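Student: I have a structure I would like to understand better, so I am pasting it below and will then ask my questions one at a time.
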Amino acid sequence: MRYTFIVLLCFSGIGAGYAQPSLDSLERALPSLTNDSLRHRVLTQLAEGLQYTEYKKAEAFTTEALALAEKNNWSWALAETYKRIGFLSTISGDYSRAIKYDNLGLELATQRNDSVGIAEALNFLGNDYSDLGQYDQAYYYFTQSYRVGQLVNDRMRMTIALHNLGNVFRNLEQFEVALNYLQRSMRISQEIKDLDGIPYSYESIGAVYAQKRDFAQAKFNFDQALATLRERKLTVIEPRVLTRLGDLYSEQKQFAVALAYYDSAQILQENTQNELGLAEIAFGKAKIFIAQNNFTEATQLLTGSMTTARSLKAMKLYIDCLKTLSEAEEKKKNFPAALNHLQRYYAMRDSIYNSGMMEKLFREQVRYATANKDEEIAELNKIKTQREKELSEQKELVQQQSFVRNILVVVVALTVILLFTVYRSGQRRKRINRLLLEHQEEIKKRSFELEQLNKVKDKFFSIISHDLRSPINALYSIVDLIDRKQMSGTELENIMKELKMRVNHTRTLINNLLDWALLQMDNLKIQLQRIDLKPVVDDTITLLASMQTKEITIENRVPKGTLALGDLNMVNLVFRNLIMNGLKFTEAGGKITIDSQDDGHYYRIAIADNGVGIAPEVQKLLFEKTTGYTTRGTANEKGTGLGLILCREFIERNGGKIWLESELGKGSTFYFTLRKA
């Protein structure tokens, strides 16, 4: 929330006798001004007066004012000009430029020890980062602005900071926290008669209720904001309130009314060349056109909004456009495009509202709340001391016993309130400490998991160095013997069975290692599609039957037309690994069955064998990615320790779950679920 102030100039040659010359008279007098100081003040006032109606003129006047300030090295002029350039950059949506000049203003205010300038610059920076969706940065600057205002008892700066903190939590959908900040801000504005701040509060409170879908409360607050800002002639906020009302009527399917509000807001935003404001209006109109099945115009508006949002780094608007594009494509039955937009939306949304930012905000809020509580306690102690002094003076002046007794009752009451406040503060600190300890324990747990994963990684590298080298060396030796004609056909046929088993193991190991490596780098992308499970199982059985030498029967009982939704390569790997697992632990002549059952929204697939079974203590380790457990099969087959880990990862990434049931000596059944197509 940026407030602007009109500088009152009165000087000879510009309409003597006027307390506040008109903009026209100031512009006519500008060419005749030779005094740099006076010229700078006129340029700044012209820029401020024209910023919402003739933006390019305002920009030109500000550029000339900056040149004058730099030429004369006037700190007061530089401070005013930096603020004006930052403000113009914000209303035009050029946030990188706004941040640059707001930082320069903060440095200058710090050098001048100007507490008002420091609080104001901190607030401007918070606004810049908030509009960009960097809410942790915005929260930091707003709380610092509040503290500076609190230190110098500047309630105007305090109410502005509280208002902007409310908007941060509104954007994070923490609605009750947001309303608390915004209502405190409005109370202070009313107490100090900050009439310009009240419409800002109405607008933001209305936005909170709109997001909560309480349309009646939202409209009441927007109407109050519009009436008050027009009475106060606050043109800066009017297009935003009109856009909010357009959004509100659009949500209620009153599209004609919504478009009328959008058109009114668009005229005002075009006057200031506010690219971000125009992009938000285009986004609102696009949602209406989608509802009316006018997809061509909606797509054009959304594409333009996304281009503007990307250039201004306004990522919240950008991801909202992605989500709306996904809804449009879905409505057009273009499901691949809809899925693509939706995946990009979730990826970018997670990058903005990431856990790191939320955790940082949580820590900052806890620190801020704790510091405020300490200050409240100190203030109560100060009040108590002052009150005791007053009581002492009154006791000396008033001798009547009844009056003294009443005063003592007041003292006791205040002491009880103070003690109660101290007690509550202590309880709050205990809760905060407990939360911090829990967080610390979580970090320790994660560290332990990482250490275990490193051990597994080392184990897998050991597998690569040993299990890959042995079969490759053996294969090389055989090829060498054949090449030198030192091995007969009979000898080759005798060792081919063992060689085939080793090569098959090596191929499985390499495939699993590659899939595991891609998982660790998060490079495996899920390509969802309809999968007919029966032919997938048939193909896997055909492949594995040619490799196995134990004459084990593999039966496919999956019904025809079992259509699941998943990534075909991942599902293939799961079937392959689980069936190979059954082959490994089943004696020669055994049997493996693959079956599927309808389980509501899912198919439950079962792969059962009548092999040696798995001990209960081993069952707990099989799917753990920090163990990589493996053991040899009934024919001394080797394992990699990766197969079941990959199965679990792939099934969970496809939206299902995996588990097993086993009894020693009676066999094992592995179950997993896949969503229906």
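Student: So what are the ³J(HN,Hα) numbers for the range 110-122, from phi and the Karplus equation (6.51, -1.76, 1.60; θ = phi - 60°), rounded to whole Hz, Gly and Pro as x?
Tutor: Running phi through 6.51 cos²θ - 1.76 cosθ + 1.60 with θ = phi - 60° gives 5, 4, 7, 6, 9, 5, 5, x, 5, 4, 5, 5, 4 Hz.
Student: Given the Cα-Cα distance of ALA588 and ALA347 and 0.36 nm per residue of separation, how much length would full extension add, in nm?
Tutor: 81.9 nm
Student: If I model a spin label at THR63 and ARG530 as a point 7 Å from the Cα along the Cα→Cβ vector, what separation in nanometres do I get?
Tutor: Modelled inter-label distance: 6.1 nm.
Student: Can you tell me which of 254-261, 120-127 comes out highest on packing, and rank the rest after it, using the mean Cβ neighbours within 10 Å?
Tutor: The packing order, highest mean first, is 120-127, 254-261.
Student: Percent of Cα-Cα pairs per 10 Å bin, from 0 to the last occupied bin, for the range 284-353, please list those.
Tutor: Reading the bins upward from 0: 23, 53, 23, 1.
Student: Sorted by packing (mean other beta-carbon atoms within 10 Å per residue), highest first, where do 572-581, 613-622 land?
Tutor: The packing order, highest mean first, is 572-581, 613-622.
Student: Could you list, in their original order, any pairs among LYS285/LYS525; LYS100/LYS212; LYS212/LYS233; LYS525/LYS560; LYS560/LYS584 whose Cα atoms are separated by more than 31 Å? If you can, show how the numbers build up before the last one.
Tutor: Values: LYS285/LYS525 34 Å; LYS100/LYS212 35 Å; LYS212/LYS233 29 Å; LYS525/LYS560 28 Å; LYS560/LYS584 28 Å.
Over 31 Å Cα-Cα: LYS285/LYS525; LYS100/LYS212.
Student: Sticking with this one: How big is the Kirkwood radius of the range 524-676, worked out from every pair of different alpha carbons and given in Å to one decimal? Can you show the working numbers first?
Tutor: Details: mean 1/r = 0.0642 Å⁻¹.
The Cα-based Kirkwood calculation yields 15.6 Å.
Student: Continuing with the same structure: Assuming 0.36 nm per residue, please report the length gained on full extension of the stretch ASN334 to LYS253 beyond their Cα-Cα distance.
Tutor: Roughly 26.7 nm would be gained on extension.
Student: Taking all pairs of distinct Cα atoms, average 1/r, flip it, and tell me the Kirkwood hydrodynamic radius of the range 225-346 in Å to one decimal place.
Tutor: Evaluated on the range 225-346, it is 14.8 Å.
Student: Right, something else. So for the pair GLN217, ARG446, with labels modelled 7 Å out along Cα→Cβ, what separation do we get in nm?
Tutor: According to this spin-label approximation, the distance is 3.5 nm.
Here, each number is a calculation from the coordinates, and none is a lab measurement. Here the structure is a predicted model, which means the values were calculated and not measured. Every residue, glycine among them, receives a Cβ derived from its backbone with ideal geometry; neighbour counts consider all protein chains shown.
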